[in-house]
Amino acid sequence: MQSEDDMHDANDIDSLDDDFYSGETEDAPLDYYSDYDDEADDYFEEADRIESRRPEQNFTILKESDIKQRQEEDVTRVATVLSISRIFASILLRYYNWSVSRVHDAWFADEEQVRKSVGLLEKPIVQHDNNTRELTCGICFENYPRARIEMASCGHPYCISCWEGYISTSISDGPGCLMLRCPDPTCGAAVGQDMISLLKSDEDKQKYARYLLRSYIEDNKKSKWCPAPGCECAVTFDAVSVGNYDVSCLCSYSFCWNCTEEAHRPVDCGTVAKWILKNSAESENMNWILANSKPCPKCKRPIEKNQGCMHMTCTPPCKYEFCWLCLGVWSDHGERTGGFYACNRYETAKQEGVYDDTERRREMAKNSLERYTHYYERWASNQSSRQKALADLQQMQTVHIEKLSDIQCQPESQLKFITEAWLQIIECRRVLKWTYAYGFYLPEHELAKKQFFEYLQGEAESGLERLHQCAEKELQPFLCADEPSREFNDFRTKLAGLTSVTRNYFENLVRALENGLSDVDSNGASFSRATSSKNAAGSSKGRSGRVKGTFRTSMSSRMNDDSHWCCEHCTYANVKSATTCQMCYQQRR
């Protein structure tokens with residue numbers, strides 16, 4: 001039993017815990033977390049606002065059990081409406097790609113034609129006398145007792161052994177076994193699932209069941225398997241949202257419903273296909289060879305010069321010696337032609353225009369390669385950062401959240417803002433990655449659109465870097481702390497605010513790209529006005545060509561609604577009653 005002192009100590013600890021959560025300890029003033037409730041209310045109001053702003057999910061994730069349930073429900077519905085057996089209903093649905101409406105339409109339009117096409121016979125073709133004790137198998141031509149003979153709806157008799165061999169061979173050949181017909185070449189009667197029960201092999205039965213399950217997804221135009229390796233889930237696309245085909249599976253993999261590539265909104269499927277092909281094609285290898293090598297004048301093999309003098313010797317068996325600049329035989333070169341590091345002949349010929357076409361081709365190839373490398377490196381870098389963020393999120397959810405909850409003495413439900421920040425980072429990295437593919441194919445002559453695009457991309461990228469820095473670096477001191485910190489609530493406000501601001505930036509970027517950068521007119525007037533606004537303000541940021549001014553004002557004004565207003569400086573969505581921005585503290589204009 002506990003002593004009286006122990007009981008007092010326990011009560012003291014309990015009261016200390018109560019005092020800590022209420023802010024009433026001797027060491028901490030009463031208002032230690034006095035402003036937390038207001039901040040929490042603002043945070044959860046912001047979360048509710050974000051949730052209501054998200055588009056309605058237009059897809060459904062199906063596990064294997066869900067697929068089986070839907071399949072059984074469809075079979076039952078058809079069997080009930082058409083007053084046929086479940087075996088026949090299943091055959092009908094497979095024939096019409098599991099479309100219940102198509103089955104109903106075809107059946108009620110011309111039942112006799114449907115039966116003929118599918119192989120559902122109303123009465124047997126071959127009649128047998130019930131008094132006959134033995135029947136002859138139509139495959140092995142042996143006589144068997146009636147108990148050893150099985151027939152499809154047509155009545156053609158086959159022994160169980162021949163049925164097993166016929167069905168087993170069909171299953172081994174693939175999913176075509178689902179539309180199996182009578183072995184008689186002149187008969188088109190369908191063979192149903194009831195015949196599969198005759199098989200002795202459990203392996204064949206499992207294969208058939210697997211084919212049947214997969215056919216429900218693969219034959220249905222509104223459903224697809226998740227393309228992630230090892231994932232067993234399927235996705236049904238319930239409605240087509242304008243331009244948005246991105247779906248997210250339970251395995252956390254996101255992909256495009258239209259092309260089944262990785263989710264790539266706001267870039268269209270055509271651009272993604274061209275970009276992936278370019279990354280895997282040999283065209284860039286040829287560009288590199290053209291830009292960084294010259295052909296040997298004798299054997300024509302490409303040679304790269306990465307250091308040393310102009311005296312080149314081709315590899316065996318050629319061994320031809322020549323000048324790198326003019327490609328002339330080296331025996332004609334020496335001190336009189338400029339020595340080992342120059343070539344007077346080349347300079348003279350170049351001035352006369354002899355090498356203009358060759359040099360122009362090489363320069364164009366070099367510029368093309370440098371441009372592609374610029375976009376590809378940033379595309380790949382954001383992909384790498386996204387993979388790292390996914391790993392960090394996994395670590396956060398499995399380890400750090402629980403640890404932080406213990407250190408800061410706050411329930412895990414109040415730390416969801418950290419998870420939401422990481423999810424936002426992952427999504428933004430994905431969007432930012434594909435914007436580089438978009439930028440690569442943006443026509444060079446559309447200067448205004450290109451500058452507008454780079455402005456939006458730069459603002460979004462800058463906001464993302466601030467958010468990523470805050471979530472990755474500024475959280476670490478709180479994870480290493482030994483006790484609750486007064487600064488944690490400030491960190492909460494900052495991270496939640498940066499998450500909201502970054503989301504706004506990327507919503508602007510996605511909206512603009514999906515609209516084809518239509519905010520910029522063809523003659524570039526919009527960009528000129530923005531440039532003037534930026535020069536008047538005397539501020540600049542980011543890469544060359546990115547400006548602040550009219551763009552942000554016009555975009556933020558479109559985001560206003562009845563209950564919020566967007567700050568012109570940081571695009572943070574503030575409640576309507578606020579007169580200053582809660583993120584950057586600028587006055588509302």
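Any chance region 99-120 includes a residue that's within 17 Å of residue 213 (Cα to Cα), out of contact with any strand residue (DSSP E or B) (no Cβ under 6 Å at 6 or more places or on another chain) and either modelled with pLDDT of 90 or more or open to solvent by less than 60 Å² (accessible area, probe 1.4 Å) (or both)?
From region 99-120, those within 17 Å of residue 213 (Cα to Cα) are 99-100; that's our starting set.
Pick out the ones that are also out of contact with any strand residue (DSSP E or B) (no Cβ under 6 Å at 6 or more places or on another chain) and you get 99-100.
Subset that is either modelled with pLDDT of 90 or more or open to solvent by less than 60 Å² (accessible area, probe 1.4 Å) (or both): 99-100.
Checking region 99-120: at least one residue is within 17 Å of residue 213 (Cα to Cα), out of contact with any strand residue (DSSP E or B) (no Cβ under 6 Å at 6 or more places or on another chain) and either modelled with pLDDT of 90 or more or open to solvent by less than 60 Å² (accessible area, probe 1.4 Å) (or both).
As an exercise: evaluate residue 508 against (1) touching a residue at least 24 places away in the same chain (Cβ under 8 Å); (2) surrounded by fewer than 15 Cβ atoms within 10 Å (Cβ to Cβ); (3) of a type in the set (S, T, N, Q); (4) within 16 Å of residue 424 (Cα to Cα) and give the number of the one condition it does not meet.
(2)
Name the residues in region 199-221 that are out of contact with any Phe, Trp or Tyr (no Cβ under 6 Å at 6 or more places or on another chain) and not in a helix (DSSP H, G or I), would you?
199, 200, 201, 221
Which residue, of 288, 275, is aromatic (Phe, Trp, Tyr), at pLDDT 85 or above and touching a helix residue (DSSP H, G or I) at 6+ places or on another chain (Cβ under 7 Å)? If you could, list the steps in order and put the result at the bottom.
Details: 288 fails: at pLDDT 85 or above.
Of the residues listed, the single one that is aromatic (Phe, Trp, Tyr), at pLDDT 85 or above and touching a helix residue (DSSP H, G or I) at 6+ places or on another chain (Cβ under 7 Å) is 275.
Filtering region 196-206 down to residues that are touching a residue at least 12 places away in the same chain (Cβ under 8 Å) and charged (D, E, K, R), which residue is surrounded by the most Cβ atoms within 10 Å (Cβ to Cβ)?
204
From (1) over 28 Å from residue 246 (Cα atoms); (2) in a helix (DSSP H, G or I), pick out the condition that doesn't hold for residue 482.
Unmet condition: (2).
It is to be established whether one or more residues within region 477-495 are β-branched (Val, Ile, Thr) and more than 22 Å from residue 373 (Cα to Cα).
Our first condition is that a residue be β-branched (Val, Ile, Thr); within region 477-495, this holds for 493.
Subsequent filtering for residues that are more than 22 Å from residue 373 (Cα to Cα) retains 493.
Yes.
Yes or no: region 133-141 includes at least one residue that is touching a residue at least 24 places away in the same chain (Cβ under 8 Å), closer than 29 Å to residue 63 by Cβ and of a type in the set (A, V, I, L, M, F, W, C).
The answer is no; no qualifying residue exists.
Listed here are the residues, each with its yes/no results for (1) open to solvent by less than 20 Å² (accessible area, probe 1.4 Å); (2) over 40 Å from the mean Cα position of the chain (by Cα).
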site: 150; (1), (2): no, yes
site: 171; (1), (2): yes, no
site: 179; (1), (2): no, no
site: 190; (1), (2): yes, yes
site: 194; (1), (2): no, yes
site: 208; (1), (2): yes, no
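Do we have residue 166 as open to solvent by less than 20 Å² (accessible area, probe 1.4 Å) and either of a type in the set (Val, Ile, Thr) or at pLDDT 90 or above (or both) here?
When the stated conditions are applied, residue 166 does not pass them.
Select from region 309-327 the residues that are part of a strand (DSSP E or B) and surrounded by fewer than 18 Cβ atoms within 10 Å (Cβ to Cβ) and list them in ascending order.
311, 313, 321, listed by residue number.
When you go through 86, 133, 94 one by one, which is the residue that is of a type outside the set (A, V, I, L, M), in contact with a helix residue (DSSP H, G or I) (Cβ under 7 Å, 6 or more places away or on another chain) and over 26 Å from residue 210 (Cβ atoms)?
Answer to the check: 133.
Are any residues in region 108-135 under 19 Å from residue 79 (Cβ atoms) and among the polar types (S, T, N, Q), and if so, which ones?
117
If you take the residues in region 170-198 that are β-branched (Val, Ile, Thr) and not in a helix (DSSP H, G or I), which one is nearest to residue 93 (Cα to Cα)?
Going through the qualifying residues, I end up with 191.
Taking the options 463, 439, name whichever one is among the small types (Gly, Ala, Ser), part of a helix (DSSP H, G or I) and within 16 Å of residue 511 (Cα to Cα).
Only one candidate qualifies: 439.
Pick from 451, 457, 414: which is of a type outside the set (A, V, I, L, M, F, W, C) and open to solvent by less than 20 Å² (accessible area, probe 1.4 Å)?
457 is the lone residue from the list that is of a type outside the set (A, V, I, L, M, F, W, C) and open to solvent by less than 20 Å² (accessible area, probe 1.4 Å).
The values are calculated or read from the model by the stated rules, or taken from the named source; none is laboratory data. Owing to the predicted nature of the structure, the values given are computational and were not obtained by experimental measurement. For neighbour counting, all protein chains shown are included, and Cβ atoms are generated from backbone atoms with ideal geometry for every residue, glycine included. When the accessible area is computed, the model is the full protein with side chains, heavy atoms only, and any ligands, DNA or RNA have been set aside. Shrake-Rupley method; radii C 1.70, N 1.55, O 1.52, S 1.80 Å.
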